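J.: The structure follows.
The values are calculated or read from the model by the stated rules, or taken from the named source; none is laboratory data. No experiment lies behind these values; they were computed from the predicted model shown. Here the Cβ is made from the backbone with ideal geometry for all residues, glycine too, and neighbour counts use every protein chain on show. Note: areas computed on protein heavy atoms with side chains; ligands, DNA, RNA excluded. Shrake-Rupley method; radii C 1.70, N 1.55, O 1.52, S 1.80 Å.
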Amino acid sequence: MLAKAKLIEQLQIKPLFMIMAVFYLLVCFFSVLAVYQAQNSQHHSLEALALNNQQLEDLVSKTALLHRNFARLTLNKESSSRQLAITNSHWYLSFQQPIYLVFTSPLYLFFTLVLFVIGWLLQKKLQRELVIKLKSLQQLEHWASLTLMQGSTNVLAIDNSSQEIETITLAIRQLQQKINDNTANDIAWDKSIRASALLDQETRIGNRAFFNNRLQALLKEEDAQGAVLLIQFKEIDLVQNLYGYQQAMSLLLTLIQVTKQRLQDQPGYFLARHSDNELSVLLPNVVIKDVEKLADLLLKKLAAVVMPVGINQEESVHIGASYFGAEQVPYQIMSEADMALRAAQLQGPSQWFMFEVGELALVKAKGSLKWRTLLNAAINSNGFALFFQPVIASDSATVLHHEVLSKVKDKNGALISARVFFPMAQKCGLMLQIDLLILIQVCRMLRAKKAQQNKCSINVSIDSLLSAGFAERFLSILSSFPEVKGQLMIEISEYQLVNHLSKLQATLAALSTAGVKIIADKVGQYVVSAHYINIYPIYAMKLHRSIVIDIDKKIENQVFIQSLRTLAAAKNIPVYALGVEKQAEWRALLQLGVKGGQGHFFTEPVAQVAQAIARD
């Protein structure tokens, strides 16, 4: 804007200077002309006397000779002077050149100085007036620059000093309001679509389709394990018969709230309304002992909720639990949970029940101390193996980038997937060290001559992102690998982006400024607002596998993707799909406008074994 202001200033001052210059030249011209005329007049006066040579010689000796115009009589020609011949004589009337007389005149020098001072004063006055007039334009450009850099519109605060500026700012504010209204409508519509497809309309928690999607998705992941709890409040029907629908719904909402409070310490749980008086809970990556403790505490909290008069307090709650591994199928898991619920009911009073689990749970169930020992040893010896799974472009079948998947080696050399060791690393407070170590390994891999991955995305835990100084440490590592600049992306779950909106904004802005692209991961896993795409510098959005599984058969998930794609298109954000395993799924996703896909349908994750990942 400063350069533009100077240009405008020059355009405004140039005519003034041109006028003054023309005036100055005219004064010079007429002054020289006046001297010429005066000299000619004196010459004519001398010739009118008709003096002979002797008289002219006598006149030369007189001191008062024509002193006013510096004239003198001479017999010799002088090239530096203006000489006029005297008729009928050998004499010349010699003058100083008119131009010299004018420009050496003290009066003319004084005139030049006065004109210069007047011009300088006019310039300063014009500059002050321009500063006042351009202030609003400078504010307008500053607002536009901030909007372009931040990727979002700011409040337009401009001092409307002229009618033109006031008209411009009024038009901009009206356009801003229309854009904000349209964005708000799009976000509200997107959330409404999500809610209608995946939420129970009475309780506003997930419905059965929501729960089934999550369970199917979890079982598709490597080394999946967890538990399902079915919670039945059999007295709800009786409450509705005795006290009406409103009282029954109020009691159910209270029980749901108590359930949420007890589960708030469980990472990644899913709660849904399984039927009118049943809730279902999915607990990913928990060990059997934790399930037993949780079921016991949850039963006590729910049984303590006061029931209306006439309702049997002792038999109000029953819980059936099913512990599962990746080899099981959803029907088998839910059937076992239902059988466990029936077994709990057979015991009479409020109770929970779980059948014995298989070998998988016993193998995976390590104590915190053993996990800490294993993970510390892996950190110290760089015992992490990296796997790369490509994201395939929908229009060209080329690789857009690779997602980095990690596994840890146990003392026997067996590989344990991230889904198993990440929760324990989080519990032991080691996620920051692991995330930074994986970052270093990926940078080394990208720098290696034989590295085939041009761009890579790594999953960064919320613990690391929220830790003090994480962005500085992350960027410090990147600065050690300048050759990988622009090749790194980080994936963060949509839920964490929404849940920690204010805390993550500065960190992600710093990473994005340094060239690290941000991918919103696990989109659709929870029913949340998509407003975060207006806050963060989101590069891409990746659908959660629960949305992708059997997408060709699930109309509600197709509607959700259409809604999301419309919202993302306004920000030019591509939508990718995770967990594509069948051609029918990929075909449906292509028809829905998804820009990329990832999953076993394309390729298995490829293990990379190279010297680049070895510690120095």
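J.: List every residue pair whose Cβ atoms sit under 7 Å apart, with the two residues 6 or more apart in sequence or on different chains, where the first one lies in region 559-581 and is of a type in the set (Asp, Glu) and the second, anywhere, is open to solvent by 10 Å² or more (accessible area, probe 1.4 Å).
T.: Close Cβ pairs (under 7 Å, with a partner that is open to solvent by 10 Å² or more (accessible area, probe 1.4 Å)) amount to Glu581/His600; Glu581/Phe601.
J.: Quick one: how many residues across region 20-42 are under 30 Å from Gln123 (Cα atoms) and either touching a residue at least 60 places away in the same chain (Cβ under 8 Å) or open to solvent by 60 Å² or more (accessible area, probe 1.4 Å) (or both)?
T.: Total satisfying the criteria: 12.
J.: Something else about it: Of all residues in region 286-333 being farther than 20 Å from Gln266 by Cβ, polar (S, T, N, Q) and touching a helix residue (DSSP H, G or I) at 6+ places or on another chain (Cβ under 9 Å), which is modelled with the highest pLDDT?
T.: Applying the filter and picking the extreme gives Ser316.
J.: Can you work out which of the residues in region 70-95 that are polar (S, T, N, Q) and surrounded by 13 or more Cβ atoms within 10 Å (Cβ to Cβ) is nearest to Gln54 (Cα to Cα)?
T.: Ser89
J.: Okay, next question. Counting only residues that are free of Cβ contacts under 8 Å to residues at least 40 places away in the same chain and in contact with a helix residue (DSSP H, G or I) (Cβ under 8 Å, 6 or more places away or on another chain), which one in region 593-604 is nearest to Met541 (Cα to Cα)?
T.: Gly593
J.: Would you mention how many residues in region 483-503 are part of a helix (DSSP H, G or I), over 15 Å from the mean Cα position of the chain (by Cα) and of a type in the set (D, E, K, R)?
T.: The total comes to 1.
J.: Follow-up question, since we're still on this one. Looking for something in contact with a strand residue (DSSP E or B) (Cβ under 9 Å, 6 or more places away or on another chain) and open to solvent by 40 Å² or more (accessible area, probe 1.4 Å) - is there at least one such residue anywhere in region 540-557?
T.: no
J.: Separate question: Kindly list the number of the only condition in (1) among the hydroxyl-bearing types (Ser, Thr, Tyr); (2) open to solvent by 20 Å² or more (accessible area, probe 1.4 Å); (3) over 20 Å from Ser546 (Cβ atoms) that fails for Tyr269.
T.: (3)
J.: Considering every residue within region 240-251, establish whether at least one is closer than 20 Å to Gln345 by Cα, open to solvent by 70 Å² or more (accessible area, probe 1.4 Å) and either at pLDDT 90 or above or not in a loop (DSSP other than H, G, I, E, B) (or both).
T.: Within region 240-251, none of the residues are closer than 20 Å to Gln345 by Cα, open to solvent by 70 Å² or more (accessible area, probe 1.4 Å) and either at pLDDT 90 or above or not in a loop (DSSP other than H, G, I, E, B) (or both).
J.: For region 448-501, give me each residue that is in contact (Cβ under 8 Å) with a residue 60 or more places away in the chain and hydroxyl-bearing (Ser, Thr, Tyr).
T.: Ser457
J.: Test Ala506 against the criterion of being open to solvent by less than 50 Å² (accessible area, probe 1.4 Å) and outside any loop (DSSP other than H, G, I, E, B), and give yes or no.
T.: For Ala506, the condition - open to solvent by less than 50 Å² (accessible area, probe 1.4 Å) and outside any loop (DSSP other than H, G, I, E, B) - is not met.
J.: Something else: Quick check on Thr513: is it touching a residue at least 40 places away in the same chain (Cβ under 8 Å) and either surrounded by fewer than 16 Cβ atoms within 10 Å (Cβ to Cβ) or polar (S, T, N, Q) (or both)?
T.: Spelling it out, it is not the case that Thr513 is touching a residue at least 40 places away in the same chain (Cβ under 8 Å) and either surrounded by fewer than 16 Cβ atoms within 10 Å (Cβ to Cβ) or polar (S, T, N, Q) (or both).
J.: Which count do you get for residues in region 312-338 that are in a loop (DSSP other than H, G, I, E, B) and either closer than 29 Å to Leu215 by Cα or of a type in the set (Asp, Glu) (or both)?
T.: Residues in region 312-338 being in a loop (DSSP other than H, G, I, E, B) and either closer than 29 Å to Leu215 by Cα or of a type in the set (Asp, Glu) (or both): 6 in total.
J.: Within region 367-380, is there a residue that is at pLDDT below 80, open to solvent by 20 Å² or more (accessible area, probe 1.4 Å) and among the aliphatic types (A, V, I, L, M)?
T.: Within region 367-380, one or more residues are at pLDDT below 80, open to solvent by 20 Å² or more (accessible area, probe 1.4 Å) and among the aliphatic types (A, V, I, L, M).
J.: Restricting to region 43-69, and then to whatever is outside any helix (DSSP H, G or I) and modelled with pLDDT of 50 or more, can you tell me which residue is most open to solvent (accessible area, probe 1.4 Å)?
T.: Selected residue: Lys62.
J.: Can you list the strands (runs of 3 or more DSSP E) lying wholly within region 373-441 that have 1 or more residues being within 17 Å of Ile492 (Cα to Cα)?
T.: Because the criterion is at least 1 residues that are within 17 Å of Ile492 (Cα to Cα), the strands (runs of 3 or more DSSP E) in region 373-441 that meet it are 384-393, 399-409.
J.: Next question. For region 402-437, which residues satisfy the criterion of being on the phi > 0 side of the Ramachandran plot and either at pLDDT below 85 or in contact with a strand residue (DSSP E or B) (Cβ under 9 Å, 6 or more places away or on another chain) (or both)?
T.: Passing the criteria: only Gly413.
J.: Then there is this: Those residues that are in a strand (DSSP E or B) and modelled with pLDDT under 90, I need them from region 350-366; list them, please.
T.: Once the filter is applied, which keeps residues that are in a strand (DSSP E or B) and modelled with pLDDT under 90, region 350-366 yields Gln351, Phe353, Met354.
J.: Those residues that are closer than 22 Å to Thr513 by Cα, of a type in the set (Val, Ile, Thr) and open to solvent by less than 30 Å² (accessible area, probe 1.4 Å), I need them from region 414-472; list them, please.
T.: Those that are closer than 22 Å to Thr513 by Cα, of a type in the set (Val, Ile, Thr) and open to solvent by less than 30 Å² (accessible area, probe 1.4 Å): Ile438, Val442, Ile458, Val460, Ile462.
J.: Taking region 498-518, which residues are among the hydrophobic types (A, V, I, L, M, F, W, C) and touching a strand residue (DSSP E or B) at 6+ places or on another chain (Cβ under 6 Å)?
T.: Leu508, Val516, Ile518
J.: Determine, yes or no, whether Ile231 is more than 13 Å from Leu283 (Cα to Cα) and part of a strand (DSSP E or B).
T.: Considered against the rule, which asks whether it is more than 13 Å from Leu283 (Cα to Cα) and part of a strand (DSSP E or B), Ile231 comes out as yes.
J.: May I ask you to say which residue of Leu101, Leu122, Leu137 is at pLDDT below 75, surrounded by 14 or more Cβ atoms within 10 Å (Cβ to Cβ) and either part of a helix (DSSP H, G or I) or touching a Pro at 6+ places or on another chain (Cβ under 7 Å) (or both)?
T.: Checking each option against the conditions leaves just Leu137.
J.: Sort through Val305, Val281, Val291, Val309 and tell me the only one that's in a loop (DSSP other than H, G, I, E, B), surrounded by 15 or more Cβ atoms within 10 Å (Cβ to Cβ) and out of contact with any Pro (no Cβ under 8 Å at 6 or more places or on another chain).
T.: Of the residues listed, the single one that is in a loop (DSSP other than H, G, I, E, B), surrounded by 15 or more Cβ atoms within 10 Å (Cβ to Cβ) and out of contact with any Pro (no Cβ under 8 Å at 6 or more places or on another chain) is Val305.
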